[in-house]
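*Asks:* One structure is given below, represented as structure tokens, and several questions about it will come after.
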Amino acid sequence: MSDNLDKSLERESIGLRIVWMLVFTLCWQIAATLLGFVVLIQLVYRVFYGAPNASFLAFGDSLSQYLAQIGRFGTFNTEEKPWPFADWPTAREPDGEAAHSIPPAPHPVRDEEPKL
């Protein structure tokens with residue numbers, strides 16, 4: 001009796017896993033397309049400004065880690081489901097070029113007395 005219950009639960013578990021794998025395959029397609037756009041935007045930004053954009057560096061890194069999480073789940077390397085069931089991956093420090101930075105604009109000097 002217990003053996004039949006275990007086999008039934010295993011079939012149900014693998015059935016649910018297949019559903020999740022199909023959902024995450026769709027997420028993979030969307031995320032990979034989005035990463036392609038980030039790559040193109042970074043390339044154009046690098047050509048015009050001489051360095052990559054810091055926001056796109058961070059987003060691109062976290063998005064690529066998300067794709068890796070989907071790949072690990074889909075290939076049965078982990079049972080942990082990716083985002084939204086886990087936290088979104090945090091971006092790491094870039095190993096490549098330093099990001100483009102814009103120095104803050106100086107604040108105008110204000111008179112202490114109101115002008116009439």
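What follows is calculated from the coordinates using simple rules that are stated; it is not laboratory data. Bear in mind the structure is a predicted one, so any value in this text is a computation, not a measurement. Glycine gets a Cβ as well: all are built from the backbone with ideal geometry, and neighbour counts include every protein chain shown.
*Asks:* Under a crude label model (7 Å from the Cα following the beta-carbon direction), how far is Cys27 from Ser62 in nanometres?
*Replies:* In this crude spin-label approximation the distance works out to 1.5 nm.
*Asks:* Remind me, relative contact order of region 28-96 in percent, using alpha carbon pairs under 8 angstrom and six or more residues apart? All intermediate terms of the calculation are to be shown ahead of the outcome.
*Replies:* Working: 48 pairs, mean separation 20.1, N = 69.
Relative contact order for region 28-96 comes out at 29 percent.
*Asks:* Across region 47-52, in residue order, what do the Karplus-derived ³J(HN,Hα) couplings come to in whole Hz, using 6.51 cos²θ - 1.76 cosθ + 1.60 with θ = phi - 60° and x for Gly and Pro?
*Replies:* Per-residue couplings from phi come out as 5, 7, 10, x, 7, x Hz.
*Asks:* Quick one: which residues, 5 or more positions from Asn53 or on another chain, have an amide H under 5 Å from its amide H? H modelled 1.01 Å from N in the peptide plane, none for Pro or chain starts.
*Replies:* When sequence neighbours closer than 5 places are left aside, the close amide H contacts are His100.
*Asks:* Turning to a different aspect of this structure: Report the extension gain between Arg72 and Glu97 in nm, rounded to one decimal, defined as 0.36 nm multiplied by the number of residues separating them, less their alpha carbon distance.
*Replies:* Here the segment from Arg72 to Glu97 would lengthen by 6.2 nm.
*Asks:* I've got another one for you. What is the order of Tyr45, Tyr66, fewest Cβ neighbours within 10 Å to most?
*Replies:* Tyr45, Tyr66
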